[in-house]
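*Asks:* Please read through the structure below; I'll follow up with questions.
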């Protein structure tokens, strides 16, 4: 899954200066431009130089090294009382006990897990019905009223982030609690920063059967791709022309950021269409009737340039809110990979997902520190996993016998403190259990996963291996006895799964 994208819409320049001998320049001319004052030159040895140059390394603005920094008492000697620059940065860069080089978010493995979690929702609840993109508007009154003096919104990213998060929370409440599109079964959203700095959220919604968007009338009820009549609704017309008109690009503006090889990468302008057409390459073709062009800025624009939107949401939030209907399952893979593509993502929010262990007997994963392998193995032998605890649940609770392993989180909660499954009291209808993807090269574990997806009520690994009273030697043999390996379907499934992930 591609995650590293070439920068777009960026005006920054990165440069590396190297001296004649491969050393960095000895002298640097560093200037600071205080607000409302003339610029000031500071020395590279100034304690404020690093936090102003590398704000991501000094997020709290704390002072860096300075020429007067002294050693702590136990390291101070009569000859060496002050900390050198080399000692300071060696101290800052040192690896310490408890430090993990595995990032908790943003890594390829993390984004793969998010994508697989999202696809587990598709397995249980079906394809998503709506795809929304909600972008921050720096002209919101809450942002402008918080500016002081000569400040502009781009000077206060902290205010922008807080206001956007409040607006997003309100948007999700309107969608999920108030049901403006109907009853929402599942949702996933990703918050990102655009290349030019504005936050935006991608949201995927899955509706219940009664709220599904099935007909052209349903599509037209929630989505519009036309300029509204200014005589009928002037405020909506103003918001659409300000926030929901693409470009212009093409021959009108060949320098638009969306232009690729002389063509708009978003396929604008669209074609005029008298009626909405369903299910064309995964998306509907929205109604865009031929009208007299309206003046938008210095350009004359018509319905071909309008980004699909929901009128009610647009009037309430006064921001760019693109609303798309997912009309075919063909669009699912693209959408979920798009919202989970990572790298610039700030947050991924998915409804309750429970990852279930899939391991062979006495081969559960173990986390250990160097030199403590034996102790870790002893602890792991005594500790139950979600799989071994499921075996125990089936021994003691007859009501669990008809529930498959992947569906058990919907009815039971895994208590990590005791490593036991406990009957769920409430709120399990939207909980999703997910078995990790296993490579076909990991043969026995691959076939164990196949059996766990189909067999319920197992009380041990031996029970899974037993088919019609015959205990099989391998899990592959058990799959053969169950008739799961007839034909080439398993290979088609494995190749399709690998192509998706």
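Coordinate-derived values only; no laboratory data. On a predicted model such as this, the values are computed, not experimentally measured, just so you know. Neighbour counts are summed over all protein chains in view; Cβ atoms, including those assigned to glycine, are modelled from backbone coordinates with ideal geometry.
*Asks:* Highest first, please rank the peptides 41-52, 438-449, 255-266 by the mean number of other Cβ atoms sitting within 10 Å of their residues. Mind dumping the intermediate values first?
*Replies:* Numbers: 41-52: 14.9, 438-449: 16.6, 255-266: 12.3.
Taking the mean over residues of other Cβ atoms within 10 Å, the ranking is 438-449, 41-52, 255-266.
*Asks:* Given a Förster distance of 60 Å, report the FRET efficiency between residue 315 and residue 80 from their Cβ-Cβ distance, rounded to the nearest 0.05.
*Replies:* With a Förster radius of 60 Å, E is 0.30.
*Asks:* What FRET efficiency, computed as 1/(1 + (r/R0)^6) with R0 = 25 Å and r the Cβ-Cβ distance, is obtained for residue 161 and residue 33, rounded to the nearest 0.05?
*Replies:* Plugging the Cβ-Cβ distance into 1/(1 + (r/R0)^6) gives 0.55.
*Asks:* Going by Cα centres, segment 210-258 and segment 458-480 are how many Å apart?
*Replies:* Centre-to-centre distance over Cα atoms comes out at 58 Å.
*Asks:* So how do 305-318, 218-231 stack up, highest first, on mean other-Cβ count within 10 Å?
*Replies:* Numbers: 305-318: 19.4, 218-231: 17.8.
Ranked by mean Cβ neighbours within 10 Å, highest first: 305-318, 218-231.
*Asks:* If I stretch the segment between residue 292 and residue 480 completely, what's the gain in nm (0.36 nm per residue apart, minus their alpha carbon distance), one decimal?
*Replies:* The span from residue 292 to residue 480 would gain 61.0 nm if fully extended.
*Asks:* While we're here: Just to check, using Stokes-Einstein with a Kirkwood Rh over alpha carbon pairs, what's the diffusion coefficient of segment 46-182 at 25 °C and 0.890 mPa s in µm²/s?
*Replies:* 117 µm²/s
*Asks:* Ok, one more. 7 Å from Cα along Cα→Cβ at both residue 380 and residue 267: what's the point-to-point distance in nm?
*Replies:* Once both label points are built, they end up 4.9 nm from each other.
*Asks:* Would you order 324, 378 from fewest to most other beta-carbon atoms within 10 Å of each residue's own beta-carbon?
*Replies:* Numbers: 324 20, 378 10.
In increasing order of surrounding Cβ atoms, one gets 378, 324.
*Asks:* I'd like the distance separating the alpha-carbon centroids of segment 52-78 and segment 138-189, in whole Å.
*Replies:* Taking the Cα centre of segment 138-189 as reference, the centre of segment 52-78 is 38 Å away.
*Asks:* Once the Cβ-Cβ distance between residue 362 and residue 418 is put in as r, and R0 is 25 Å, what FRET efficiency do you end up with, to the nearest 0.05? Numbers along the way, then the final one.
*Replies:* Working: r = 21 Å, r/R0 = 0.84.
My answer for the efficiency is 0.75.
*Asks:* Quick one: length gained pulling residue 402 to residue 260 fully straight, 0.36 nm per residue minus the C-alpha distance? Walk me through the intermediate numbers first.
*Replies:* Details: separation 142, 0.36 × 142 = 51.12 nm, distance 5.48 nm.
That works out to 45.6 nm of additional length.
*Asks:* Additional query: In whole percent, what relative contact order does segment 352-499 give with Cα contacts below 8 Å and a gap of six or more residues?
*Replies:* 25 percent
*Asks:* Can you give the relative contact order of segment 213-270 as a percent, counting alpha carbon pairs under 8 Å and 6+ residues apart?
*Replies:* Once divided by the residue count of segment 213-270, the mean separation gives 17 percent.
*Asks:* Report the residues of segment 53-67 in range of a label on residue 40: point 7 Å along Cα→C-beta, backbone N strictly under 18 Å from it.
*Replies:* Residues passing the 18 Å test: 53-54, 61-67.
*Asks:* Continuing with this model, one more query. Could you sort the peptides 129-137, 411-419 by per-residue average Cβ neighbour count (10 Å cutoff), highest mean leading? All intermediate terms of the calculation are to be shown ahead of the outcome.
*Replies:* Details: 129-137: 21.0, 411-419: 14.1.
Highest mean packing first, the order is 129-137, 411-419.
*Asks:* Could you work out the relative contact order of segment 30-102, using alpha carbon pairs under 8 angstrom and six or more residues apart, expressed as a whole percent? Let's see the in-between values first.
*Replies:* On the way: 59 pairs, mean separation 12.5, N = 73.
Averaging sequence separation for qualifying contacts and normalising by length gives 17 percent for segment 30-102.
*Asks:* Is the shape of segment 30-102 rounded, prolate or oblate, going by the alpha carbon gyration tensor and its root eigenvalues a ≥ b ≥ c, with a/c under 1.5 for rounded and a/b larger than b/c for prolate?
*Replies:* Taking the square roots of the gyration eigenvalues as a ≥ b ≥ c, segment 30-102 is oblate.
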